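K.L.:
Pasting a structure here, questions to come.
The values are calculated or read from the model by the stated rules, or taken from the named source; none is laboratory data. Small disclaimer: the values here were computed from a predicted structure and weren't measured. When we count neighbours, we look across all protein chains shown, and the Cβ atoms used for this are built from the backbone with ideal geometry, even at glycine.
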């Protein structure tokens, strides 16, 4: 089926801890494929993203086809099928944030990091991704940094966050 | 709610009586009203995904505001008040299509769907004729999906029909919706051949040009330029109804023709792409005597065909007309029903059972609430039946939905309920294909054991059913008995594929034991196996073995292209005085005279399906070169012999003789007063396409008896008599969705009338196999490569897998073999790739081999690992074969394209 990547056994592709965690997730559901999201998150937590080899291994472990699992993985924008930087920023682009001029913030972010939306900064430090509604329209504009919600954004707030992140990178 | 119940609904203040239980969209289409839609499909139900079929629902007469609703999600109910043509709903539908079209590239002129595109039709219907969207279009990468389907993702309007068909309906797991929002993508995880044998239906299921017919694209014509004819698939015993289409006298494509009792809206890929054997480089276009072109009137040919002692060998791949003419010519006592002796007892058993019990149609199969399959490899022998069995497995979920006040056509709800409401599928047999994997009871055994357990099962269900003494009743048989007892509409399926008549007898006994509630489906071997059997059943018929033993006979053979029949033929031709093959493809060896005959789509013919239904098929082209329908050669021969068959002047007279033998056939060829045109009213180039040869417009070829004209003169046709799918405003095949309930008028005739009398079959010792080998070799055909004619079609040949030997992993471990090893059986020269599966009975191996590849072993002592030299030779042979296939295909395509530019002179009446 897969020609570009050497076929390896489940043992080689996933660590024992990962396999155990996936099995534990499966036990919560009536059907194994139902644990697909949990399984993808388990691998992502270990490795930062889900590569093809891990996707095939998980599909086999969950008893579903690689295409079906790929459908799940690509549906959710917090599951990464490409390598991401050490930090991931999801900038909300829904209507409330848009009314609060998230566009200017996006431009600022892109300029400071010298990247476009969807790219990773050259140092591999920060990945910038769009997000459809983070669910805090009353505190727009908002973004999510490594799973943490940051609201009432403005340029200064953004700069201080980036300073912190980039300082850590240099230090 | 029973479907016959009527309710009154009001559409735009007009009252209509419609059938209860359906949805509003269905009702509107059945009333000949135009309501645009995308995601709904008559066979797949409603999901309300595309939002296109919006209507306004009013509470009562006084309500003047109403609310928008999707017609496909609204059940019809008495007094329902609907607005269809008002500003509100029309405006919504126009804007909805505008939104869907923001992704679409408007590339109709270079899209092969153009002219038969549902999206085009619907866009015109909504009145969305001006483009306002100024933004960027999303663009996608296309995938390589194999030799059958071309992928062009940019054209997608995200109706989800493709995955609902491929994944949900047909059970393929390698095509899914990917990503989300404006990036939704329908494809595989990576490039690769689509695995499902029903992938070809994506071409018709997709409302636009995302999935198109790849072989058709390579030699393309617009639908309006095609000359199409109603036909019947010739690759298995189901007899799916098709349209076969041509341009410039070459066959271009096959697509589905709605027959609610059989194929419904879908075909398998063998049926859709297998017709291309007619365009194969191996096609026989001229008379050949000892391998060299010859002339009919030449002395040598006439001498070879001189009157004398002739034996006729019929073929299940040939039509009823051809076999009938052959039988008339040589006499019933000299007629042999096909060149595979193993098929004769199966044929007799099938007809005997069909004479007692009716065979379930595919529509009936889809109503079953429990299914037992007795050692029949349905996935190969009749893929379309396997697809129907798959639909039966949703019935309990549909019942449950109805119990919860959810209509049966609410597809998403029904799919949710399916895992908790399974329809039991019981499988006795071997193998590991889609249906086996879904079985809740799976008894892994060979055909003989399956037949024994079948007899035991009948005995458990009814104490009068005979049992084979000494059978150890398996636990699965007891389970099966419990399931079948409780079922309201159990279905018993078996067939010829394992080659054991005992299976048919066992299936008949089980159906008899279950009484009237049971449905029976026995799958015959080839497209006209049952028709051939009916001819062979006549009283005068001699024993084939005896008549073949007569010395110094000549053989008149209707070709059968499988390797099995070739092997048997090579044995009996050794003693023959003369061998004459009537064949559409060149015969290798042992044939001194070959007469070229018309193939699928080139002449009128009739075939009898597994149920005993005779169905007519009509030609879309004239036969190439010197080819004639086989019956015509036989009539010509009868003329030189002074035989009474020689008095037949045309097809009408031949058929009159057939009717005197089978009176029921009358209904099959019922006259249509006004001829129907095979070309569309707007076919182009009518007067110009032959102008390089003659400025006179040639007379179209006329076939007596056919109610069709190979021209644009004549009516368009209605319902099932249509030559192509069309309805005013509906140029795509979705025009068939209109009034699909009313299409009962099929021109088919049931040639076998079941008596309904009960009968118990007794076990016969002939069904027992005496096989002293260590390993029993069981035949296990694949979908692609399992049928011999379609293997001559280039795209199918490309998909045919290498010979495979299936073994249990534990057995292989004992032998020290691993998966993928190249092995052979004892000293046999055939090399197999070793594959592992649990579906292998003890002491057995399953062998999968292309139907045109000879292999005769029934058992072996050793599985031998190939040495380095063998492996090298094997790889070389495969590479050469692949390269050869590709080269042949290219050459043939070039020739066809050249032919389009220069129509052969013979196409013109009187100049051939």
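K.L.:
Every residue in region B:116-138 that is assigned to a loop (DSSP other than H, G, I, E, B) and either without any contact (Cβ under 8 Å) to a residue 12 or more places away in the chain or within 15 Å of residue B:211 (Cα to Cα) (or both), please. Steps first, please.
P.N.:
Step one: list which residues in region B:116-138 are assigned to a loop (DSSP other than H, G, I, E, B), which gives B:116-117, B:127-138.
Answer for region B:116-138, where residues must be assigned to a loop (DSSP other than H, G, I, E, B) and either without any contact (Cβ under 8 Å) to a residue 12 or more places away in the chain or within 15 Å of residue B:211 (Cα to Cα) (or both): B:116, B:117, B:129, B:130, B:134, B:136.
K.L.:
Now for a different question. Quick one: how many residues across region B:220-236 are in contact with a strand residue (DSSP E or B) (Cβ under 6 Å, 6 or more places away or on another chain) and either closer than 26 Å to residue B:522 by Cα or not in a strand (DSSP E or B) (or both)?
P.N.:
Of the residues in region B:220-236, 6 are in contact with a strand residue (DSSP E or B) (Cβ under 6 Å, 6 or more places away or on another chain) and either closer than 26 Å to residue B:522 by Cα or not in a strand (DSSP E or B) (or both).
K.L.:
Go through region B:591-608 and give me each residue that's closer than 25 Å to residue B:361 by Cβ and assigned to a strand (DSSP E or B).
P.N.:
B:605, B:606, B:607, B:608
K.L.:
With modelled with pLDDT under 90, closer than 30 Å to residue B:214 by Cα and surrounded by fewer than 12 Cβ atoms within 10 Å (Cβ to Cβ) as the only criterion, which of B:894, B:882 stands out?
P.N.:
Of B:894, B:882, the one residue that is modelled with pLDDT under 90, closer than 30 Å to residue B:214 by Cα and surrounded by fewer than 12 Cβ atoms within 10 Å (Cβ to Cβ) is B:894.
K.L.:
Another question, then. So, residue B:168, is that one free of Cβ contacts under 8 Å to residues at least 40 places away in the same chain, farther than 26 Å from residue B:609 by Cβ and within 14 Å of chain A (Cβ to nearest Cβ) or not?
P.N.:
Details: free of Cβ contacts under 8 Å to residues at least 40 places away in the same chain: no; farther than 26 Å from residue B:609 by Cβ: yes; within 14 Å of chain A (Cβ to nearest Cβ): yes.
The answer is no for residue B:168.
K.L.:
List the number of the failed condition for residue A:56; all other conditions in (1) away from every other protein chain (no Cβ under 13 Å); (2) crowded, with 20+ Cβ neighbours inside 10 Å; (3) within 19 Å of the chain's Cα centre (by Cα) hold.
P.N.:
(1)
K.L.:
Looking at the structure I just gave you, is residue B:179 more than 30 Å from residue B:434 (Cα to Cα) and over 15 Å from the mean Cα position of the chain (by Cα)? Lay out the reasoning, then the answer.
P.N.:
Numbers: more than 30 Å from residue B:434 (Cα to Cα): no; over 15 Å from the mean Cα position of the chain (by Cα): yes.
Answer is no for this residue.
K.L.:
Only one of (1) touching a strand residue (DSSP E or B) at 6+ places or on another chain (Cβ under 8 Å); (2) over 17 Å from residue B:453 (Cβ atoms); (3) assigned by TED's automatic domain parsing to the domain that holds residue B:364 is not met by residue B:515, so which one is it?
P.N.:
All conditions are met except number (1).
K.L.:
Okay, next question. I'd like to check something: does region B:187-207 contain any residue that is out of contact with any strand residue (DSSP E or B) (no Cβ under 6 Å at 6 or more places or on another chain), within 14 Å of chain A (Cβ to nearest Cβ) and part of a strand (DSSP E or B)?
P.N.:
yes
K.L.:
Okay, moving on. Tally time: how many residues in region B:482-505 are surrounded by fewer than 20 Cβ atoms within 10 Å (Cβ to Cβ), within 12 Å of residue B:524 (Cα to Cα) and touching a strand residue (DSSP E or B) at 6+ places or on another chain (Cβ under 6 Å)?
P.N.:
Number satisfying all stated conditions: 0.
K.L.:
Give me the residue from region A:3-45 that is at pLDDT below 90 and under 17 Å from residue A:81 (Cα atoms) and, out of that set, nearest to the other protein chains (Cβ to nearest Cβ).
P.N.:
A:4
K.L.:
I've got another one for you. Give just the number: which of (1) within 11 Å of chain B (Cβ to nearest Cβ); (2) free of Cβ contacts under 8 Å to residues at least 24 places away in the same chain; (3) within 23 Å of residue A:130 (Cα to Cα); (4) more than 12 Å from the chain's Cα centre (by Cα) does residue A:69 not satisfy?
P.N.:
(2)
K.L.:
Residue under question is residue B:262, and the condition is that it be at pLDDT below 95 and outside the structural domain of residue B:386 (by TED's automatic domain parsing); does it hold?
P.N.:
Judged against the criteria, residue B:262 is a match.
K.L.:
Filter region B:174-186 for residues that are crowded, with 24+ Cβ neighbours inside 10 Å and farther than 20 Å from residue A:51 by Cβ; which is nearest to the other protein chains (Cβ to nearest Cβ)?
P.N.:
B:175
K.L.:
Might you check whether a residue that is within 14 Å of another protein chain (Cβ to nearest Cβ) and free of Cβ contacts under 8 Å to residues at least 60 places away in the same chain occurs anywhere in region A:112-122?
P.N.:
Checked against the condition, which is being within 14 Å of another protein chain (Cβ to nearest Cβ) and free of Cβ contacts under 8 Å to residues at least 60 places away in the same chain, region A:112-122 yields at least one hit.
K.L.:
Would you say residue A:60 is under 22 Å from residue A:22 (Cβ atoms), out of contact with any strand residue (DSSP E or B) (no Cβ under 9 Å at 6 or more places or on another chain) and assigned to a helix (DSSP H, G or I)? Steps first, answer last, please.
P.N.:
Details: under 22 Å from residue A:22 (Cβ atoms): yes; out of contact with any strand residue (DSSP E or B) (no Cβ under 9 Å at 6 or more places or on another chain): yes; assigned to a helix (DSSP H, G or I): yes.
So residue A:60 fits the description; yes.
K.L.:
If residue B:384 satisfies all but one of (1) within 24 Å of residue B:268 (Cα to Cα); (2) in contact with a strand residue (DSSP E or B) (Cβ under 8 Å, 6 or more places away or on another chain); (3) assigned to a helix (DSSP H, G or I), what's the number of the condition it fails?
P.N.:
Status for residue B:384: all satisfied but (2).
K.L.:
Now, a different point. Are any of the residues in region A:72-80 at pLDDT below 95, more than 13 Å from chain B (Cβ to nearest Cβ) and assigned to a loop (DSSP other than H, G, I, E, B)?
P.N.:
no
K.L.:
For region A:59-97, how many residues meet the condition of being in contact with a helix residue (DSSP H, G or I) (Cβ under 8 Å, 6 or more places away or on another chain), closer than 24 Å to residue A:137 by Cα and crowded, with 17+ Cβ neighbours inside 10 Å?
P.N.:
9
K.L.:
Report those helices (runs of 4 or more DSSP H) wholly inside region B:794-912 carrying at least 2 residues which are closer than 18 Å to residue B:773 by Cα.
P.N.:
B:809-815
K.L.:
Would you point out the residue of region B:79-91, among those that are touching a strand residue (DSSP E or B) at 6+ places or on another chain (Cβ under 8 Å) and touching a residue at least 40 places away in the same chain (Cβ under 8 Å), that is surrounded by the fewest Cβ atoms within 10 Å (Cβ to Cβ)?
P.N.:
Checked region B:79-91; the qualifying residue surrounded by the fewest Cβ atoms within 10 Å (Cβ to Cβ) is B:79.
K.L.:
Looking at (1) at negative phi; (2) surrounded by 22 or more Cβ atoms within 10 Å (Cβ to Cβ); (3) within 25 Å of the chain's Cα centre (by Cα), which is the one condition that is false for residue B:569?
P.N.:
(3)
K.L.:
For residue B:442, all conditions in the list (1) out of contact with any helix residue (DSSP H, G or I) (no Cβ under 6 Å at 6 or more places or on another chain); (2) part of a helix (DSSP H, G or I) hold save one; what is the number of the exception?
P.N.:
If we test residue B:442 against (1) out of contact with any helix residue (DSSP H, G or I) (no Cβ under 6 Å at 6 or more places or on another chain); (2) part of a helix (DSSP H, G or I), just (2) comes out false.
Residue-wise test of (1) in a strand (DSSP E or B); (2) closer than 30 Å to residue B:856 by Cα; (3) touching a residue at least 12 places away in the same chain (Cβ under 8 Å).
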| site | (1), (2), (3) |
| --- | --- |
| B:575 | no, yes, yes |
| B:582 | yes, yes, yes |
| B:589 | no, yes, yes |
| B:610 | no, yes, yes |
| B:633 | no, no, yes |
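K.L.:
Within 20 Å of the chain's Cα centre (by Cα) and either touching a residue at least 12 places away in the same chain (Cβ under 8 Å) or buried (at least 23 other Cβ atoms within 10 Å of the Cβ) (or both), is that true of residue B:382?
P.N.:
Details: within 20 Å of the chain's Cα centre (by Cα): yes; either touching a residue at least 12 places away in the same chain (Cβ under 8 Å) or buried (at least 23 other Cβ atoms within 10 Å of the Cβ) (or both): yes.
Here the answer is yes, as residue B:382 does meet what is asked.
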